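*Asks:* Sharing a structure below in structure tokens format, with a few things to ask.
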Amino acid sequence: MPPRAFDYVLALLFTADSREVVLVRKTRPAWQAGRVNGLGGKIRDGESLAAAARREVLEEAGVDVERWEEFLVWHDPVYRLRAVRAFDDVARQARTAEDQEVFLAYVGALPLNVIDNLRWIVPLALDRDVAIPIEVRSENPSGSGLTEPPPVP
């Protein structure tokens, strides 16, 4: 099993009333093309989780959100995903800032082509009765396949 190659942040930005979430229609990487996912990306070396979420949301959706709360850590043999949430009406100002469409979606009616794990991650992010952060592990010892392959040495 190769060492974990990537640390990612998934930044779920909800409206203050928790009814809508900012999502992105992906054009890349290839395995996500045509699917809908949350905002986020790779955490840079030396970058804090909150700084990575803030940077990714600003780059992808053109809004600046300073305060993020970690609610999920997903451990996989290839990557670690750290999911954060924020509730702020700045979400209503989110717009397409790169080459991938950014939009608001109702949390109770996520798009049919949403990345499968968002169907349980979004409700988990909204559940304020759960002690966080929750830690989960990929069941498959070779990895979940939910990211790009690790670099070849």
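*Asks:* Counting only residues that are within 17 Å of the chain's Cα centre (by Cα) and either open to solvent by 30 Å² or more (accessible area, probe 1.4 Å) or β-branched (V, I, T) (or both), how many does the range 82-94 have?
*Replies:* Summing the residues that are within 17 Å of the chain's Cα centre (by Cα) and either open to solvent by 30 Å² or more (accessible area, probe 1.4 Å) or β-branched (V, I, T) (or both) in the range 82-94 gives 4.
*Asks:* Taking the stated definitions as given, is A91 in a helix (DSSP H, G or I), touching a residue at least 60 places away in the same chain (Cβ under 8 Å) and touching a strand residue (DSSP E or B) at 6+ places or on another chain (Cβ under 7 Å)? First the steps, then the outcome.
*Replies:* Numbers: in a helix (DSSP H, G or I): yes; touching a residue at least 60 places away in the same chain (Cβ under 8 Å): yes; touching a strand residue (DSSP E or B) at 6+ places or on another chain (Cβ under 7 Å): yes.
So A91 fits the description; yes.
*Asks:* When you check S138 against the structure, is it open to solvent by 70 Å² or more (accessible area, probe 1.4 Å), at negative phi, among the small types (G, A, S) and touching a residue at least 60 places away in the same chain (Cβ under 8 Å), yes or no?
*Replies:* No.
*Asks:* So, one more: Against the definition (among the hydroxyl-bearing types (S, T, Y), under 24 Å from A30 (Cβ atoms), touching a residue at least 60 places away in the same chain (Cβ under 8 Å) and out of contact with any Pro (no Cβ under 6 Å at 6 or more places or on another chain)), how does Y79 come out, yes or no?
*Replies:* yes
*Asks:* Hey, another quick one. What is the residue count in the range 95-135 for residues that are more than 15 Å from the chain's Cα centre (by Cα), more than 23 Å from V65 (Cα to Cα) and surrounded by 15 or more Cβ atoms within 10 Å (Cβ to Cβ)?
*Replies:* 0
*Asks:* Then there's this: Could you look through the range 69-80, keep only residues that are open to solvent by less than 20 Å² (accessible area, probe 1.4 Å) and touching a Gly at 6+ places or on another chain (Cβ under 7 Å), and pick out the one that is modelled with the lowest pLDDT?
*Replies:* V78
*Asks:* Still on this structure: For L58, state whether it is assigned to a helix (DSSP H, G or I), among the aliphatic types (A, V, I, L, M) and open to solvent by 50 Å² or more (accessible area, probe 1.4 Å).
*Replies:* Spelling it out, L58 is indeed assigned to a helix (DSSP H, G or I), among the aliphatic types (A, V, I, L, M) and open to solvent by 50 Å² or more (accessible area, probe 1.4 Å).
*Asks:* For D7, indicate whether it is assigned to a strand (DSSP E or B), more than 24 Å from V107 (Cβ to Cβ), open to solvent by 40 Å² or more (accessible area, probe 1.4 Å) and at pLDDT below 95.
*Replies:* yes
*Asks:* For E66, only one of the following conditions fails: (1) open to solvent by less than 10 Å² (accessible area, probe 1.4 Å); (2) outside any strand (DSSP E or B); (3) in contact with a helix residue (DSSP H, G or I) (Cβ under 9 Å, 6 or more places away or on another chain). What is its number?
*Replies:* Here E66 meets the rest and fails (1).
*Asks:* Can you find even one residue in the range 28-46 that is more than 28 Å from S142 (Cβ to Cβ) and not basic (K, R)? Spell out the reasoning first.
*Replies:* Taking the range 28-46 as the starting set, the residues that turn out to be more than 28 Å from S142 (Cβ to Cβ) are 46.
Subset that is not basic (K, R): 46.
Checked against the condition, which is being more than 28 Å from S142 (Cβ to Cβ) and not basic (K, R), the range 28-46 yields at least one hit.
*Asks:* Within the bounds of the range 24-32, is there any residue that is in a loop (DSSP other than H, G, I, E, B), at pLDDT below 95, open to solvent by less than 40 Å² (accessible area, probe 1.4 Å) and charged (D, E, K, R)?
*Replies:* yes
The values are calculated or read from the model by the stated rules, or taken from the named source; none is laboratory data. All values reported here derive from a predicted model rather than from experimental measurement. Here the Cβ is made from the backbone with ideal geometry for all residues, glycine too, and neighbour counts use every protein chain on show. These accessible areas exclude ligands, DNA and RNA; they are computed on the full protein's heavy atoms, side chains included. Shrake-Rupley method; radii C 1.70, N 1.55, O 1.52, S 1.80 Å.
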